[in-house]
1. If you take the residues of the range 80-106 that are away from the ligand (no atom under 11 Å from the Cβ) and not basic (Lys, Arg), which of them is surrounded by the most Cβ atoms within 10 Å (Cβ to Cβ)?
2. Looking only at the range 345-377, filter to residues that are part of a helix (DSSP H, G or I) and among the small types (Gly, Ala, Ser); which one of those is farthest from VAL36 (Cα to Cα)?
3. Mind listing whichever residues of the range 156-184 are closer than 30 Å to TYR276 by Cα and under 20 Å from the mean Cα position of the chain (by Cα)?
4. With respect to THR343, is the statement that it is on the phi < 0 side of the Ramachandran plot, of a type in the set (Val, Ile, Thr) and touching a Cys at 6+ places or on another chain (Cβ under 8 Å) true?
5. Tell me the residue from ASN177, ASN185 that is within 15 Å of the ligand (Cβ to nearest atom), touching a helix residue (DSSP H, G or I) at 6+ places or on another chain (Cβ under 7 Å) and either among the β-branched types (Val, Ile, Thr) or assigned by TED's automatic domain parsing to the domain that holds VAL275 (or both), please.
6. Filter the range 166-187 down to the residues that are in contact with a Gly (Cβ under 7 Å, 6 or more places away or on another chain) and in a loop (DSSP other than H, G, I, E, B), then identify the one that is farthest from GLN217 (Cα to Cα).
7. Look through ALA214, ALA291, ALA220 and report the one residue that is touching a residue at least 40 places away in the same chain (Cβ under 8 Å) and closer than 26 Å to PHE139 by Cα.
8. Go through (1) touching a Pro at 6+ places or on another chain (Cβ under 9 Å); (2) assigned by TED's automatic domain parsing to the domain that holds LYS283 and name the single condition ALA330 misses.
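The values are calculated or read from the model by the stated rules, or taken from the named source; none is laboratory data. Quick caveat, the model's predicted, so the values are computed rather than measured. With ideal geometry, Cβ positions are generated from the backbone for all residues, glycine too; neighbour counts draw on all protein chains shown.
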Amino acid sequence: MERKEIRIGLIGLGLMGKEFASSIARWCHLLDNGPVPVLAGICSKTKSSWGWYIQNFPGLTVKTNDYKTLLESNQIDAVYCAVPHNLHEQIYIDIIRSGKHLLGEKPFGIDKTANENILKTIKAHPEVIVRCSSEFPYFPACQKLIKWLEAGRYGQLIEVRAGFHHSSDMDLSKPINWKRTVEINGEYGCMGDLGMHVLHVPFRMGWKPLSVFADLQKIAETRPDGKGNIVPCRTWDNAVLTCKSTDPKTGKDFSMVVETKRMAPGATNNWFIEVYGTKGSAKFSTHNPKAFDYLVTDGKEQGWTRIDVGSQSAIQSITGGIFEFGFSDAFQQMIGAFIQELTGNGASHPFRNVTPEETRWSHELFTAAIESHKTGRKIELL
Ligand SMILES: NC(=O)c1ccc[n+]([C@@H]2O[C@H](COP(=O)([O-])OP(=O)(O)OC[C@H]3O[C@@H](n4cnc5c(N)ncnc54)[C@H](O)[C@@H]3O)[C@@H](O)[C@H]2O)c1
């Protein structure tokens, strides 16, 4: 039987646009009989970024440098939009108004006001499915951790530590780019870039921060501009947010430490979550992507157990169960969860994409974190 196609338009053809296009180009990788996403349209302001797409996707029906042309096309069903943060608000709103489904990128609006305006538009268009990208929870070992959390095997929570550490900014000769420019990337800095990734699992567990005390650091005060000058670098490099939250499973409070760091020596792209409870504890980190670590607290001595999880992903794939799983696989699994939601099959997926409401929680947290750092006070979140 011929499978239905979902025609995707890409807005933003940079790093993430390519990752998305490549993921859907190898949809045969998934053992899934549902609809197949196909790349039907591309849009970028700069025509020079079209080349790779035209070469690899001869079936493109829309190629444009004006995203409104893509939105007017009846050849596009859904859009993946990966553009700089200052453009999220207007472009996401226009996509939703056009009636096309949207997988957007974090932080889902450059600031809280932009996020609120996007969410207002979503409310006015319930026919459109809108989700935010976040791929790391789709690592099979993390999926195992999520099932363990859902089963409440930790007892009463003591502490959750979740973070995302990068190290490429340790190179102080790295030229500044839009991701290090407040006007384009936003005042959140490293929190806007890395924070939604970190919060996806905690928020899905209902661990909404009730208060935050934030320590934000600007470490690299200047950077080369790539044109022979040294210019100020004003974004936050590192953030440590100490939050109080309540676990809906037990009604008890616990500490949650959220770390987003661009300057973490030795950490290439290390996303992690650690959960410590009275009955059990568990950890996952992309540094050891196969490993699901857990321990059972039973008596005085407690030892960690490590399970090497293969490539047994939520949506099954052709890869042998003992083989390794990577970033591109997680990204494809995330898109798979989105496609299942578009086709009314989302309920069968164990872990859905970030919802607009969860992006709202992240904006509330980052905005409060900035206030906390400015005032030196703990901020209550209502
Ligand atoms: N999910 C992830 O793991 C992940 C990783 C990196 C970045 N991101 C997010 O993805 C988004 C884009 O980041 P990136 O790394 O791909 O950036 P990038 O700079 O590599 O690409 C941005 C693209 O947007 C295009 N663009 C700019 N203005 C445009 C306009 N008006 N219309 C159409 N296209 C326009 C640029 O030409 C470029 O192709 C950001 O929101 C970022 O936070 C997500």
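1. Out of the qualifying residues, it is ILE95.
2. Step one: list which residues in the range 345-377 are part of a helix (DSSP H, G or I), which gives 346-348, 356-375.
Those left that are additionally among the small types (Gly, Ala, Ser): 346-348, 362, 368-369, 372.
On the way: GLY346: 15, ALA347: 18, SER348: 17, SER362: 31, ALA368: 41, ALA369: 41, SER372: 46 Å.
Among those residues, the one meeting the criterion is SER372.
3. Just the residues of the range 156-184 that are closer than 30 Å to TYR276 by Cα, to begin with: 156-168.
Result: VAL160, ARG161, ALA162, GLY163, PHE164, HIS165, HIS166, SER167, SER168.
4. Numbers: on the phi < 0 side of the Ramachandran plot: yes; of a type in the set (Val, Ile, Thr): yes; touching a Cys at 6+ places or on another chain (Cβ under 8 Å): no.
The answer is no for THR343.
5. Numbers: ASN177 fails: touching a helix residue (DSSP H, G or I) at 6+ places or on another chain (Cβ under 7 Å).
Checking each option against the conditions leaves just ASN185.
6. Quick first cut of the range 166-187, residues in contact with a Gly (Cβ under 7 Å, 6 or more places away or on another chain) only: 167, 175, 185-186.
After this cut, where a residue has to be in a loop (DSSP other than H, G, I, E, B) as well, the list is 167, 175, 186.
Values: SER167: 15, PRO175: 19, GLY186: 15 Å.
Among residues in the range 166-187 that are in contact with a Gly (Cβ under 7 Å, 6 or more places away or on another chain) and in a loop (DSSP other than H, G, I, E, B), the one farthest from GLN217 (Cα to Cα) is PRO175.
7. Details: ALA214 fails: closer than 26 Å to PHE139 by Cα; ALA220 fails: closer than 26 Å to PHE139 by Cα.
Checking each option against the conditions leaves just ALA291.
8. Result: ALA330 passes all but (2).
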